[in-house]
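Data block below; observations after.
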Amino acid sequence: MSHNHNHGHGHGHGHSHSHAPANFGFAFGFGIILNTIFIIVEVVYGILGDSLALLADAGHNVSDVLGLVIAWIAVYLGKKAPSERRTYGFKRSSILSALFNAVFLLVAIGAIAWEAIQRFSTPQPVAGKTVIIVAFIGILINTLTALLFMSGRKHDLNIRGAFMHMAADALVSLGVVVAGFVLLWTGWQWLDPLVSLVISIVILFGTWGLLKESINLSLDAVPEGIDIVKIKGYLSNLPTIQEVHDLHVWGMSTTEAALTVHLIRSEIEDNDELLQKLTKELHDQFGIEHATIQIEKGTFNCSLQPESTI
């Protein structure tokens, strides 16, 4: 019994537009420097004004700076060239950074919510004008930093993590200012923990998507915005294609997707032309940055063990 096992292999990168991470070096540097200065101001005024709230917020802002540093390092590592040991380079570091920032945000809002619940039973006197002034400065710094990341938040999960960290802090500071003014006017001690709880819930809803997507990418799920069913339909409808199998799509980083697929053709004489067409169109139409395509003629069982693939 004989089998015709002609195979063609190809891989390529489309070049009509790039999914590489944009350069947010200025945004990271600006955010880290400003927030570090703000931490020093909070510590100084916290000690001078004997304000535990300001000292606690300074500690929280240290985690923000750490989150920005990790995200920036991930962007830098993602641009390093591949090596024999790491054939994809350090691209996946951006996924780990996004996951880290999501977990960090959840821990932070958990701490805020816990403190707020504690204050309902044992109200703490809220420090006055000094806290409001410092919180207002925090709104300006964090909002400005968040705006620098805004353009990249929809296309890069790592940048979205940095954006959400800054936006969440701006929201917390806004809550402190609003609650502070109302409290000074009314004396409602319960308002401060209530505002903190509401803000925590708002941040939780925003963070959940970041956490879910970063976990999915770390587990090699199909990235958001890529429809693998449409990809299979596109491949199946190409002339001479008899079967599409072993189709896999995953994220190499928070901005780049990879694909592998086996195609069975009735004719294989024009494999080079087809591979060139496929790598370009998979990139342009579906956002696939790195495509590896195996072309077969005849029947060939590529799997060493049964598996379920699209």
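With a simple spin-label model that places each label point 7 Å from the Cα along the Cα-to-Cβ direction, the separation between Ile228 and Val44 comes to 5.5 nm. Multiplying each eigenvalue of the alpha-carbon gyration tensor of the range 223-293 by 5 and taking the square root yields semi-axes of 21, 12, 10 Å, largest first, rounded to whole angstroms.
As a fraction of the 1.4 Å probe accessible area of the range 106-254, surface on carbon and sulfur atoms comes out at 69 percent. Length available on full extension from Thr292 to Val62: 0.36 nm per residue minus the Cα-Cα distance, which gives 78.5 nm. Residues Thr279, Thr292, ordered by accessible area of protein heavy atoms at a 1.4 angstrom probe radius and largest first, appear as Thr292, Thr279. Quick check: pseudo-label points 7 Å beyond the Cα along Cα→Cβ at Phe205 and Ile241, how many nm apart are they? In this crude label model, Phe205 to Ile241 measures out at 4.0 nm.
Cross-link pairs exceeding 22 Å in C-alpha to C-alpha distance, out of Lys212/Lys280; Lys91/Lys212; Lys79/Lys277; Lys91/Lys230; Lys80/Lys232; Lys80/Lys212, comprise Lys212/Lys280; Lys79/Lys277; Lys91/Lys230; Lys80/Lys232; Lys80/Lys212.
Averaged over its residues, the range 133-252 has an accessible area of 49 Å² per residue, based on protein heavy atoms and a 1.4 Å probe.
The values are calculated or read from the model by the stated rules, or taken from the named source; none is laboratory data. The shown structure was predicted, so the numbers you read here are calculated from the model rather than taken from an experiment. When we count neighbours, we look across all protein chains shown, and the Cβ atoms used for this are built from the backbone with ideal geometry, even at glycine. Each accessible area value is taken on the protein alone, full model and side chains, heavy atoms only, with ligands, DNA and RNA left out. Shrake-Rupley method; radii C 1.70, N 1.55, O 1.52, S 1.80 Å.
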